[in-house]
Amino acid sequence: VAWENTPSGIISGFEAIAAGKTKAAYESLHNYEKTGMDYEDAWNNASVQLVNASEAHCRAIITSVSWQEMVRHATNSSPNLAPVLLQMAELYLIYWALEKRGDLLMYSTITREDIAKLQVRYEELLALLRPNAVGIVDAFDIRDEILNSTLGAYDGRVYERLMEEALKSPLNAEPVNQSFHKYLKPLMMK
Amino acid sequence: VCGDLVKERKKCSFDVQELVHLIDGGERGTKERREVENLVLSAEGFNNKDEVPEEYLSHKERYENAIRKACILYEILKKYAEKHDTMDAFKPSNKYRVTFGVVKDISPFMLHMGMFVPTILNQSDPDQMSEWLPKAMSMGIIGTYAQTELGHGTFLRGLETTATYDPSTEEFVIHSPSLTAYKWWPGGLAHTANHCIVVAQLYTKGECYGVHPFFVQIRDTETHMPLPGVKVGEIGPKMGFQTANNGFLGFEHFRIPRRNMLMKNAQVLKDGTYIKSKNEKLTYGTMVFVRVLIVTDVAYELARAGTIAVRYSAVRHQSQPKPGEPEPQILDYVTQQHKLFIGVATSHIFRVTGYWLWDSYSKVIKDVGKGNMDQLPELHAIACCLKAVCSRDAAARIEEFRLACGGHGYMASSNLPIINGIVTATITYEGEYTVLMLQTARFLVKAWKQATMGNAMTPTVSYLVKFSKNDR
């Protein structure tokens, strides 16, 4: 299958990886059996490949289902929001295509040039998402009480909150801790 | 509001409220969620500004505080839920995440609503359900789910706790034959629950019929003292989940009535005759249910951690790449964007995938109710690998968010360490990563064989057909 540097091309690529790894694990399992091993021992010997096949299968499902769902949401969204949803979905696909470039080179017809183009597109997507980054996380609409964070509150008073929280440490309730008189001072006096 | 965030919000090219509604599953969803949040977070007893932060409390105080808050929270949510369909509360989009605004870590009631109630719903017969469910829903009894033992977790057939039927008294005798047979881990088991679902090896007429669930009272409902023959306590501090009240539980020839075996599927008659379940896979329903919910749970934790890290990255300025110019926001560094945006995108991806999985689960369970089990193996396989991969990816992304916040991300007050602890635990509980992947692999191996034979395939593995042509 000719490689396409598109979301559906990447999804096909993940399916190719999953099929390739499943086939390899299946064959490995049966090759071990052919040596006279019973099925359980063959399974144990092939288990690293079997786990890899499952992971690849899962990535094929996540990429295909999520792309389909994000496109559906984008179709029903305003012209301002739709591209942002698609940018996030595409970023996810390309991130994993780049992470799994070795597998894609093994099991699909992707080339080094295609990978270089994906890298460029990935950097473009980061730049496209940059102006909306705060808006996107604001849209999670998580109240400060639920975030429970000095760094993430809506008002961005990061340093003030860090100091306010630090001052709540019970050690700050008194200027000198009793351990000074009990342990430090005797040590210093020796 | 910090000037950097004001500028960032002005730059945004879309209507934030539109995306809020999309995430909540519609405007109505947002309205309801906010209603619950306002109700809970304005209640007395929570978020007292003079309160000592949870991190400074002792282990015991922290638990007691979590129980106090969880009880107030339950009362508020109960009143609210009375106006709504009970089952709606289980839908991933409707789960009230507001709990985190009350208890920073995990609620000791987590397993009550998360496992105890769903098991009663899925595995008890109509008479049992009508007796136990109202009590559980009203917190007349508090329960948990005791399956894992000190010596065995994943390998269910290896569980040692026994439930031996005595036809002379029409009772089961629950017994822990060794130290390794002690139940170990269930949340809320230590000092919170007075009942639990105990998974034990069923013996009747001298035969062992494998593991089955039993409804067991472990503490007196008046005094809360452990009942005679029950040894129960807490397992101690962990990497995270400090307020989950994880416990141990052992039995010494402890007797329960015959009707306390959950009998929707398999049954034991008065004379001890065992009636086999029509389909043994049905008993895995609760585990699948919880795995389905974990996918949307980790999506939400990614949203929390992502919000923290992105806002901080807009506020924080660092270095001077161009001499004479002000320090840029760290959000402008592409390496920072690389750390952050994939995590934020992953939250959306896991949420929509989790909802798709929930819809698939609901459809399959409906079919199972009509006696059609055809889709059950596929659902089990996909729920296993999605739970495993999503929890592990989420933990990696959250660690990346923490790293993106530099030293301040290591502060407990950033909340990233607690979120990290919560998500890391999901990789292990309700099915450990590798074990679940191998479960999916069993399905895949069978599927590949079918594909090479040119047989019709179920939807999630249909793609294998085109790649198996050469093997046909």
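Worth pointing out:
- Of the residues making up segment B:434-471, those that are hydroxyl-bearing (Ser, Thr, Tyr) and within 8 Å of another protein chain (Cβ to nearest Cβ) are B:Thr434, B:Thr440, B:Thr460, B:Tyr463, B:Ser468.
- Within the option set A:Arg101, A:Arg157, being more than 13 Å from chain B (Cβ to nearest Cβ), surrounded by 14 or more Cβ atoms within 10 Å (Cβ to Cβ) and of a type in the set (Lys, Arg) holds for one residue only, A:Arg101.
- Residue in segment A:133-153 that is touching an Asp or Glu at 6+ places or on another chain (Cβ under 6 Å) and part of a helix (DSSP H, G or I) present: yes
- Of all residues making up segment B:403-423, the number that are more than 11 Å from chain A (Cβ to nearest Cβ) and in contact with a Ser or Thr (Cβ under 9 Å, 6 or more places away or on another chain): 1
- Cross-chain or 6+ apart pairs with Cβ under 8 Å, segment A:162-190 first and in a loop (DSSP other than H, G, I, E, B), then at pLDDT 95 or above and exposed (fewer than 11 other Cβ atoms within 10 Å of the Cβ): A:Asn177/A:Leu171
- Here is the figure for segment A:70-82: residues that are of a type outside the set (A, V, I, L, M, F, W, C), more than 7 Å from every other protein chain (Cβ to nearest Cβ) and either outside any helix (DSSP H, G or I) or within 23 Å of the chain's Cα centre (by Cα) (or both) total 3.
- Among residues of segment B:307-329, those that are among the hydroxyl-bearing types (Ser, Thr, Tyr) and in contact with a His (Cβ under 8 Å, 6 or more places away or on another chain), counted: 1
- Residues in segment B:5-25 that are under 27 Å from B:Thr296 (Cβ atoms) and small (Gly, Ala, Ser): B:Gly25 alone.
- Of the helices (runs of 4 or more DSSP H) contained entirely in segment B:1-41, those carrying at least 3 residues that are surrounded by fewer than 15 Cβ atoms within 10 Å (Cβ to Cβ) fall at B:3-11, B:27-41.
- Check on B:Ala314, more than 22 Å from B:Thr353 (Cβ to Cβ), hydrophobic (A, V, I, L, M, F, W, C) and either in a helix (DSSP H, G or I) or within 14 Å of chain A (Cβ to nearest Cβ) (or both): yes
- Sole residue being in contact with a Pro (Cβ under 7 Å, 6 or more places away or on another chain) and at the interface with another protein chain (Cβ under 10 Å from one of its Cβ atoms), chosen from A:Trp67, A:Trp43, A:Trp96: A:Trp67
- Residue among B:Phe116, B:Phe100 that is modelled with pLDDT of 90 or more, assigned to a helix (DSSP H, G or I) and crowded, with 20+ Cβ neighbours inside 10 Å: B:Phe116
- Out of A:Ile10, A:Ile61, one residue alone is facing another protein chain (nearest Cβ under 7 Å), within 22 Å of A:Thr109 (Cα to Cα) and aliphatic (A, V, I, L, M). It is A:Ile61.
- Members of segment A:1-33 that are out of contact with any helix residue (DSSP H, G or I) (no Cβ under 7 Å at 6 or more places or on another chain) and either acidic (Asp, Glu) or in a helix (DSSP H, G or I) (or both): A:Glu4, A:Ser8, A:Gly9, A:Ser12, A:Glu27, A:His30, A:Asn31
Per-residue answers, yes or no, for (1) buried (at least 21 other Cβ atoms within 10 Å of the Cβ); (2) closer than 20 Å to B:Pro459 by Cα; (3) among the polar types (S, T, N, Q); (4) in contact with a helix residue (DSSP H, G or I) (Cβ under 7 Å, 6 or more places away or on another chain):
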position: B:Thr346; (1), (2), (3), (4): yes, no, yes, yes
position: B:Arg351; (1), (2), (3), (4): yes, no, no, yes
position: B:Lys366; (1), (2), (3), (4): no, yes, no, no
position: B:Ala383; (1), (2), (3), (4): yes, yes, no, yes
position: B:Ser391; (1), (2), (3), (4): yes, no, yes, yes
position: B:Ala396; (1), (2), (3), (4): no, no, no, no
position: B:Asn415; (1), (2), (3), (4): yes, no, yes, yes
position: B:Ile419; (1), (2), (3), (4): yes, no, no, yes
position: B:Thr434; (1), (2), (3), (4): no, no, yes, yes
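- Scanning segment A:83-132 for residues that are more than 19 Å from the chain's Cα centre (by Cα) and not in a helix (DSSP H, G or I) turns up A:Ser108, A:Thr109, A:Ile110, A:Thr111.
- Test result for A:Val65, of a type outside the set (Phe, Trp, Tyr), part of a helix (DSSP H, G or I) and crowded, with 20+ Cβ neighbours inside 10 Å: yes
- Residue list for segment B:182-211, filter: in contact (Cβ under 8 Å) with a residue 60 or more places away in the chain and closer than 17 Å to B:Glu170 by Cα: B:Leu202, B:Thr204, B:Lys205, B:Glu207
- Count of segment A:34-48 residues, restricted to those that are small (Gly, Ala, Ser) and outside any helix (DSSP H, G or I), is 1.
The values are calculated or read from the model by the stated rules, or taken from the named source; none is laboratory data. All values reported here derive from a predicted model rather than from experimental measurement. All Cβ positions, glycine included, derive from the backbone under ideal geometry; neighbour counts span all protein chains shown.
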